[in-house]
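Okay, so here's the structure we're looking at.
The values are calculated or read from the model by the stated rules, or taken from the named source; none is laboratory data. Quick caveat, the model's predicted, so the values are computed rather than measured. Cβ placement follows ideal geometry from the backbone for every residue including glycine, while neighbour counts extend to all protein chains displayed.
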Amino acid sequence: MLFLEQKTLLATLISALCLSACGNGESAAVTPAPTPTPKAEFKPVEGTISQLHAALKDGTTSCEQVVQHYIDRINAYDSAGPTLNSVIAVNADALTKAHEQDEALAAGASMQPLQCVTVLLKDNIDTADMPTTAGGLALQFSQPEDDAYIVKRLREQGAIILGKANLDEFAFGYQGSSSMRGQVKNAYDQTRGPGGSSAGTGAAIAASFAMVGLGTDTGGSIRVPSSLEGLVGLRPSLRLVSQDGIVPLAHSQDTAGPMCRTVEDCALVMDALAGYDASSHSGQRSSYQHDAALVSSAVAYRDMTHLPDSYASGLSASGLKGAHIGVVRALFGDGSSDENKAVQAVMNAALEKMQAAGATVEDVTIPGLDTLLSKYKSVSRYEFCNDLSSYLSSWSSSLDNHYTSFQQVAASLAYEVRNQGTFSSYGNYCGDQSGNADYQLNLTERPQAVRAALLQTLENLDAAGRAQGLPYDVIVYPTILGLAPELGKSPVAGSNNRLSPFSGFPALTMPAGMAATEPALPVGIEMLGREFAEPTLLKLAYSYQQQVKPRQAPTATPEL
């Protein structure tokens, strides 16, 4: 009996094994091994933050390798080859910082939001480990004692300051030349200029000399070079980003902002730039009025700015679906030049693509636009003398022997000859300007008048305040009216760039597409929104980027 039970059990086991391994009498099938997921790799040309972090996690690159590759690109293409002249100096500590990050990751440290992200700073932003020259030989040895607040924030999130970018000297204009490094060239066509004043940042990021860059914008100095170099450039709301540690041009209009090849990279950089600074130099006023007190606390700052947990969290490829976009045709130019016609053609094509992506696109009129742009002006001529002296005297000259006043810089003549007239003119407005009627007009009346007109347009109201339809998310227009200019000249910018600094509202430029030139040149579209509407600008820009993919890399600076 026991033998029969054992025999039955053995037969059952054999049958079960055959069913699982042999099927219906067929030969046993060999289950193929799963295909391994390919490891992420990082290529510096057009490389993004997310691509870098994926490669670091997969171990296919190291931070030290990445930093060295960008330094190699600067050596190959900035000082040789096409000689873009976009970088004033490379940070001698960059490789050491990269090695330290590699060691920390190997020891189990967490990936930081900007881990190993290489940043080129416009050389009017302070760093404790490099001079801040503003492009002028007069300040070539000017060594601030500490980092600008925004640089400190970048480093805290893991960014590596790769170096300092060339600029239009003292951020005066759009030519993009300085006595420190000479004339910056356009990355797309070296016979053309880069715009300014953040000229070096624009050319360097377009050519992939770093992952992202910072510029500053008083009247258009982030957006103009970003437009000409096929970049995303954001001028933030005036009170959002601290001005501490930035060489001023006009404190009541100045702000820093990101310049990037992709919208998402700019959003991640904005997460570091935006934040409360308790410094008396922050410029983070409690209202848009020039004489308002500084915001009192981090909580008050967050409530005022509606600061999101992350600017990157709201990005969606479908962000244009249901968007309401107002088109300011009065800012498109008159079409009297071939270059303006080319800009208009790219803009019109971009608007059609926005509609195809689900946006409602309608022409709008800004009330009194011509008067606003003719009556009011930039206040840089009235503020630069006093602001430069205040900045230069903010730390002792006993260690670096730097000039401590506008007058000393002006008298040195250690700057480009073309700027002697500017220093002479600006020198007429040193000291108390409270009795200067034109200055006071632009400090007090201008922001109120321009903000009111823009809000009426954005809210879609008539002169009596009655709704004419749904509000607009943004208004759009060409960033500038022409293409990259002949080398050594300023672009045909128009007055479009004034709306953001005159109101304090944020504006983002991004590639609309490429003009049909040889070689093809980028055309920028600018979106302007309500104060602290950066999430809306980034959301719409990201959707356009993902739907259209308008950016094309320059061909003169390929992968090494």
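Does the stretch 98-136 hold any residues that are assigned to a helix (DSSP H, G or I) and touching a helix residue (DSSP H, G or I) at 6+ places or on another chain (Cβ under 8 Å), and which are they?
We begin by selecting, within the stretch 98-136, every residue assigned to a helix (DSSP H, G or I); these are 98-106.
Residues satisfying the conditions are ALA98, HIS99, GLN101, ASP102, LEU105.
For HIS290, are the conditions met, namely being at pLDDT below 95, of a type outside the set (Gly, Ala, Ser) and either part of a helix (DSSP H, G or I) or touching a helix residue (DSSP H, G or I) at 6+ places or on another chain (Cβ under 9 Å) (or both)? Working first, answer last.
Values: at pLDDT below 95: yes; of a type outside the set (Gly, Ala, Ser): yes; either part of a helix (DSSP H, G or I) or touching a helix residue (DSSP H, G or I) at 6+ places or on another chain (Cβ under 9 Å) (or both): yes.
It is true that HIS290 is at pLDDT below 95, of a type outside the set (Gly, Ala, Ser) and either part of a helix (DSSP H, G or I) or touching a helix residue (DSSP H, G or I) at 6+ places or on another chain (Cβ under 9 Å) (or both).
May I ask you to list the residues in the stretch 131-153 that are surrounded by fewer than 23 Cβ atoms within 10 Å (Cβ to Cβ) and aliphatic (A, V, I, L, M)?
Listed by number, the list holds a single entry, LEU137.
Being within 18 Å of the chain's Cα centre (by Cα) and buried (at least 24 other Cβ atoms within 10 Å of the Cβ): is that true of ALA512 here?
When the stated conditions are applied, ALA512 passes them.
What's the number of the only condition in (1) of a type outside the set (S, T, N, Q); (2) without any contact (Cβ under 8 Å) to a residue 60 or more places away in the chain; (3) farther than 30 Å from GLY368 by Cβ that GLU416 fails to meet?
Answer for GLU416: the failing condition is (2).
Please find, within the stretch 165-183, the residue that is surrounded by the fewest Cβ atoms within 10 Å (Cβ to Cβ) out of those that are over 20 Å from SER378 (Cβ atoms) and within 17 Å of the chain's Cα centre (by Cα).
ALA165
Need at least 2 residues that are under 30 Å from the mean Cα position of the chain (by Cα) and under 30 Å from PHE141 (Cβ atoms) per element, so show me which helices (runs of 4 or more DSSP H) inside the stretch 398-502 make the cut, counting only ones lying wholly within it.
Answer list for the stretch 398-502: 406-412, 420-426.
Check VAL212 against each of (1) in contact with a strand residue (DSSP E or B) (Cβ under 8 Å, 6 or more places away or on another chain); (2) crowded, with 24+ Cβ neighbours inside 10 Å; (3) over 19 Å from ALA159 (Cα atoms); (4) β-branched (Val, Ile, Thr) and name the one condition it does not meet.
Here VAL212 meets the rest and fails (3).
If you check GLY275 against the conditions, is it touching a Phe, Trp or Tyr at 6+ places or on another chain (Cβ under 6 Å) and in contact (Cβ under 8 Å) with a residue 40 or more places away in the chain? Step through it out loud before you land on a result.
Numbers: touching a Phe, Trp or Tyr at 6+ places or on another chain (Cβ under 6 Å): no; in contact (Cβ under 8 Å) with a residue 40 or more places away in the chain: yes.
Considered against the rule, which asks whether it is touching a Phe, Trp or Tyr at 6+ places or on another chain (Cβ under 6 Å) and in contact (Cβ under 8 Å) with a residue 40 or more places away in the chain, GLY275 comes out as no.
Please identify the pairs in which a residue from the stretch 187-206 that is surrounded by fewer than 24 Cβ atoms within 10 Å (Cβ to Cβ) has its Cβ atom under 6 Å from the Cβ atom of a residue that is polar (S, T, N, Q) and assigned to a loop (DSSP other than H, G, I, E, B), counting only partners at least 6 apart or on another chain.
Once the first residue is surrounded by fewer than 24 Cβ atoms within 10 Å (Cβ to Cβ) and sits in the stretch 187-206, its partners that are polar (S, T, N, Q) and assigned to a loop (DSSP other than H, G, I, E, B) give ARG192/ASN186.
Taking the condition of being exposed (fewer than 14 other Cβ atoms within 10 Å of the Cβ) and not in a helix (DSSP H, G or I), how many residues in the stretch 363-384 meet it?
Count: 2.
Tell me the residue from ALA484, ALA493, ALA437 that is in contact (Cβ under 8 Å) with a residue 12 or more places away in the chain and either farther than 20 Å from MET527 by Cβ or polar (S, T, N, Q) (or both), please.
ALA484
Specify which of the listed residues (ARG223, ARG155) is among the charged types (D, E, K, R) and without any contact (Cβ under 8 Å) to a residue 12 or more places away in the chain.
ARG155
Mind checking which residues of the stretch 515-547 are within 24 Å of SER310 (Cβ to Cβ) and either surrounded by fewer than 20 Cβ atoms within 10 Å (Cβ to Cβ) or aromatic (Phe, Trp, Tyr) (or both)?
The answer is PHE532, THR536, TYR542, TYR544, GLN546, GLN547.
Quick check on this structure: which one of GLN456, GLN448, GLN408, GLN433 is closer than 21 Å to ASN124 by Cα and at pLDDT 95 or above?
Going through GLN456, GLN448, GLN408, GLN433 in turn, just one is closer than 21 Å to ASN124 by Cα and at pLDDT 95 or above: GLN408.
Among what's in the stretch 461-481 and is of a type outside the set (D, E, K, R) and farther than 16 Å from MET527 by Cα, pick the residue that is surrounded by the most Cβ atoms within 10 Å (Cβ to Cβ).
Of everything passing the filter in the stretch 461-481, LEU461 is surrounded by the most Cβ atoms within 10 Å (Cβ to Cβ).
Give ALA342, ALA357 a once-over and let me know the one that is touching a Lys or Arg at 6+ places or on another chain (Cβ under 7 Å) and either under 29 Å from ALA467 (Cα atoms) or buried (at least 18 other Cβ atoms within 10 Å of the Cβ) (or both).
ALA357
Starting from the stretch 448-475, keep only residues that are over 19 Å from LEU373 (Cβ atoms), then list their pairs with residues that are among the polar types (S, T, N, Q) and outside any loop (DSSP other than H, G, I, E, B) whose Cβ atoms are within a distance under 6 Å, requiring at least 6 positions of separation or different chains.
Hits for this filter: ASP473/THR536.
Can you say whether ASP309 is under 25 Å from GLY494 (Cβ atoms) and either without any contact (Cβ under 8 Å) to a residue 40 or more places away in the chain or surrounded by 20 or more Cβ atoms within 10 Å (Cβ to Cβ) (or both), as far as the supplied structure shows?
Answer is no for this residue.
Out of everything in the stretch 255-304 that is over 19 Å from LEU538 (Cβ atoms) and β-branched (Val, Ile, Thr), what residue ends up being surrounded by the fewest Cβ atoms within 10 Å (Cβ to Cβ)?
VAL299
Could you tell me whether ALA89 is at positive phi and modelled with pLDDT of 95 or more?
No.
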